[in-house]
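Enquirer: Please read through the structure below; I'll follow up with questions.
The values are calculated or read from the model by the stated rules, or taken from the named source; none is laboratory data. Everything numeric here is computed off the predicted structure, so don't read it as measured data. Note that each Cβ is placed from the backbone with ideal geometry, even for glycine, and that neighbours are counted across all protein chains shown. The area values use the complete protein model at the heavy-atom level, side chains included, leaving out ligands, DNA and RNA. Shrake-Rupley method; radii C 1.70, N 1.55, O 1.52, S 1.80 Å.
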Amino acid sequence: MKKIIVLSGAGISAESGLKTFRDSNGLWEGHDVMEVASPEGWFKNRALVLDFYNQRRRQLKTVKPNAAHQALVDLEKQFDVHIITQNVDDLHERAGSTKVLHLHGELLKARSTSDEELVLDWHEDICEGDLCAKGSQLRPHIVWFGELVPLLEPAIELTAKADYIIIVGTSMQVYPAAGLINYAKPEAAIYFIDPHPNITSQKNLKVISEKASKGIPIVVEDLLSK
């Protein structure tokens, strides 16, 4: 069975009505990114950080997967599909995709501040005083700026084996995620879906100038016809 890797980013979730964290002015929902997405911000104002992600978690419950998420599920009928996403929402899973790797963590999980391996499913607010089994404060299970990306190596291994790569909802400008494409096989066929692409089609690369909900079904139809 041929292998497909989907590299997805904020653009695919935005079409479901989920706000992307970073606005055009560089702020995250009105906050400097380092205030709410760094270990320094956590130590400086834990209440602010918890509230920021609690609001994101509540919003996530109000949205649904869109046509792009749903179309990707169809690929699993004919291909070995792994989704590597920069998104922290669960929209891929809710649509029905079965193999999703979250590079930057997951909103619906919490983890111990004393043991990063101690991760819990968590669908409600995380409050000050919510402790893990070891007695440490829980924090969002999000990879913050300055922290290692623990799933980067598995993501590299998956990308290196792919026969087809679909890039959607991301400009591939945020590292280390953007570096994944460098591990692709030279013969791997790449689809790049972006309403305002900064590259043009070339050998082994097909550019589709559409938003995710229109572009993904085009790619899926093309692949399923092979």
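Enquirer: Once you've got the Cα coordinates, tell me which of Lys19/Lys64; Lys99/Lys226; Lys2/Lys77; Lys109/Lys161 are over 18 Å apart.
Expert: The pairs that break the limit, which is 18 Å between Cα atoms, are Lys99/Lys226; Lys109/Lys161.
Enquirer: Same structure, new question: Please list, ordered by chain and number, the residues whose modelled amide H lies under 5 Å from the amide H of Val207; skip anything fewer than 5 residues away on the same chain.
Expert: Close amide H contacts, sequence-distant or interchain: Phe192, Ser201, Gln202.
Enquirer: Mind checking the dipole of the chain: about its Cα centre, +1 per Lys or Arg Cβ, -1 per Asp or Glu Cβ, Debye to the nearest 20?
Expert: In debye, rounded to 20, the chain gives about 540.
Enquirer: Taking the 0 to 90 degree range and rounding to the nearest ten, how far is the long axis of helix 152-161 tilted relative to the main principal axis of the chain, both from C-alpha atoms?
Expert: 10
Enquirer: Would you please put 135-146, 43-54 in order of how densely packed they are, using the mean number of other Cβ atoms within 10 angstrom per residue and starting with the highest? Provide the component values of the computation, followed by the final result.
Expert: Details: 135-146: 17.8, 43-54: 15.8.
Per-residue Cβ counts within 10 Å, averaged per peptide and sorted highest first, yield 135-146, 43-54.
Enquirer: Let me ask something additional. Per residue, how much accessible area does the stretch 36-135 have with a 1.4 Å probe, in Å²?
Expert: Here the per-residue accessible area is 47 Å².
Enquirer: Once every DSSP H run of n ≥ 4 in the chain is given -39500 (n - 2.57) and the sum is divided by its residues, what mean residue ellipticity at 222 nm do you get, rounded to the nearest 500 deg cm²/dmol?
Expert: So the calculated ellipticity at 222 nm is -8000 deg cm²/dmol.
Enquirer: Let me ask another. How much of the accessible area of the stretch 181-221, in percent, comes from carbon and sulfur atoms when a 1.4 Å probe is used?
Expert: 51
Enquirer: Using the Cα centre of the stretch 29-70 as the reference point, and only Cβ charges (+1 on K/R, -1 on D/E), how large is the resulting charge dipole? Debye, rounded to the nearest 20.
Expert: Taking the Cα centre of the stretch 29-70 as origin, the dipole is about 340 debye.
Enquirer: Give me the dipole magnitude in Debye, nearest 20, for the stretch 153-226 about the Cα centre, with unit charges on the beta carbon: positive for Lys and Arg, negative for Asp and Glu. Walk me through the numbers before you get to the answer.
Expert: Numbers: 7 positive and 8 negative charges, 30 e Å.
Magnitude of the dipole: close to 140 debye.
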